[in-house]
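Student: One structure, pasted below without further comment.
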């Protein structure tokens, strides 16, 4: 490539973390089958180290009646594609924390989804303003392949930290690795530091194996 051609290249998008490429469209990626939604038996639970020491749950209609927000957040997949400028609508994680407060010594949460899938997050990442239990993407209801009725979106982390088909949140007093973290993915998952795999972890990035 000549110098004149190089000068004509557009500058890199500052919203793209290192090693990522922009993606048009939304690929369907997940582990295991797509679950069948059963509205009469579906619920959303919060358990573990709650301030009241009790479990709380909402049925489908109760969860849909919770206050909703719309946030803008990029989605960065560890497979190296990024979807930029998304609008996500749903229940803010901060609303869940407000309705069911954690105990004072909670440091992390485990988000549970269908078929026992799990993803661990620091309490700070979970409570961040952009973290949302999304029901809609760009004003359209989520399709079942993309997580209907609820998926977690955590824009500041790689997308595996945001499970599809979420069913519960567990408050924890210590960190514990989730599904992909047990299988070699990085415990923190910061895309700007390219924290992709567990061999990259530094002391303090996660619990001992």
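The values are calculated or read from the model by the stated rules, or taken from the named source; none is laboratory data. Values in this document were obtained by computation on a predicted structure and should not be read as measured data. Glycine also receives a Cβ, built like all others from the backbone with ideal geometry; neighbour counts cover every protein chain displayed.
Student: Do the conditions hold for residue 149, that is, is it over 16 Å from residue 77 (Cβ atoms), part of a loop (DSSP other than H, G, I, E, B) and touching a strand residue (DSSP E or B) at 6+ places or on another chain (Cβ under 7 Å)? Before you say what the answer is, go through the steps one by one.
Tutor: Numbers: over 16 Å from residue 77 (Cβ atoms): yes; part of a loop (DSSP other than H, G, I, E, B): yes; touching a strand residue (DSSP E or B) at 6+ places or on another chain (Cβ under 7 Å): yes.
Criteria met by residue 149.
Student: Against the definition (at pLDDT 95 or above, touching a strand residue (DSSP E or B) at 6+ places or on another chain (Cβ under 9 Å) and more than 21 Å from residue 154 (Cβ to Cβ)), how does residue 52 come out, yes or no? Talk me through it step by step, then tell me what you get.
Tutor: Working: at pLDDT 95 or above: yes; touching a strand residue (DSSP E or B) at 6+ places or on another chain (Cβ under 9 Å): no; more than 21 Å from residue 154 (Cβ to Cβ): yes.
It is false that residue 52 is at pLDDT 95 or above, touching a strand residue (DSSP E or B) at 6+ places or on another chain (Cβ under 9 Å) and more than 21 Å from residue 154 (Cβ to Cβ).
Student: Further, regarding this structure: Only one residue in 57, 89 is surrounded by 14 or more Cβ atoms within 10 Å (Cβ to Cβ), in a strand (DSSP E or B) and without any contact (Cβ under 8 Å) to a residue 24 or more places away in the chain. Which one?
Tutor: Working: 89 fails: without any contact (Cβ under 8 Å) to a residue 24 or more places away in the chain.
Going through 57, 89 in turn, just one is surrounded by 14 or more Cβ atoms within 10 Å (Cβ to Cβ), in a strand (DSSP E or B) and without any contact (Cβ under 8 Å) to a residue 24 or more places away in the chain: 57.
Student: Quick check: is even one residue across segment 80-101 in contact with a helix residue (DSSP H, G or I) (Cβ under 8 Å, 6 or more places away or on another chain), more than 23 Å from residue 142 (Cα to Cα) and modelled with pLDDT of 95 or more?
Tutor: yes
Student: Among 105, 120, which is part of a loop (DSSP other than H, G, I, E, B) and closer than 21 Å to residue 187 by Cα?
Tutor: On the way: 120 fails: part of a loop (DSSP other than H, G, I, E, B).
From the options 105, 120, the qualifying one is 105.
Student: Go through (1) crowded, with 17+ Cβ neighbours inside 10 Å; (2) within 22 Å of residue 26 (Cβ to Cβ); (3) more than 10 Å from the chain's Cα centre (by Cα) for residue 153 and report which single condition fails.
Tutor: Of the numbered conditions (1) crowded, with 17+ Cβ neighbours inside 10 Å; (2) within 22 Å of residue 26 (Cβ to Cβ); (3) more than 10 Å from the chain's Cα centre (by Cα), the odd one out for residue 153 is (3).
Student: I want to confirm something. Restricting to segment 193-209 and keeping residues that are under 12 Å from residue 182 (Cα atoms) and in contact with a strand residue (DSSP E or B) (Cβ under 8 Å, 6 or more places away or on another chain), which single residue is surrounded by the fewest Cβ atoms within 10 Å (Cβ to Cβ)?
Tutor: If we take residues in segment 193-209 being under 12 Å from residue 182 (Cα atoms) and in contact with a strand residue (DSSP E or B) (Cβ under 8 Å, 6 or more places away or on another chain), then 197 is surrounded by the fewest Cβ atoms within 10 Å (Cβ to Cβ).
Student: Restricting segment 126-142 to residues that are within 14 Å of the chain's Cα centre (by Cα) and not in a strand (DSSP E or B), which is surrounded by the most Cβ atoms within 10 Å (Cβ to Cβ)?
Tutor: Top of the filtered list is 131.
Student: From (1) surrounded by fewer than 19 Cβ atoms within 10 Å (Cβ to Cβ); (2) within 18 Å of residue 167 (Cβ to Cβ), pick out the condition that doesn't hold for residue 96.
Tutor: Condition not satisfied by residue 96: (1).
Student: Condition first: closer than 24 Å to residue 26 by Cβ and free of Cβ contacts under 8 Å to residues at least 40 places away in the same chain. Can you find one or more residues in segment 166-175 that meet it?
Tutor: Taking segment 166-175 and keeping what is closer than 24 Å to residue 26 by Cβ, we get 166-167.
Going one step further and asking which of them are free of Cβ contacts under 8 Å to residues at least 40 places away in the same chain, we end up with none.
No, because not a single residue in segment 166-175 is closer than 24 Å to residue 26 by Cβ and free of Cβ contacts under 8 Å to residues at least 40 places away in the same chain.
Student: If residue 190 satisfies every condition in (1) under 14 Å from residue 122 (Cβ atoms); (2) surrounded by 20 or more Cβ atoms within 10 Å (Cβ to Cβ); (3) within 14 Å of the chain's Cα centre (by Cα) but one, which is the exception?
Tutor: (2)
Student: Here is a follow-up. Restricting attention to segment 68-79, and to residues there that are surrounded by fewer than 20 Cβ atoms within 10 Å (Cβ to Cβ) and out of contact with any helix residue (DSSP H, G or I) (no Cβ under 6 Å at 6 or more places or on another chain), which single residue is modelled with the lowest pLDDT?
Tutor: Here the residue is 79.
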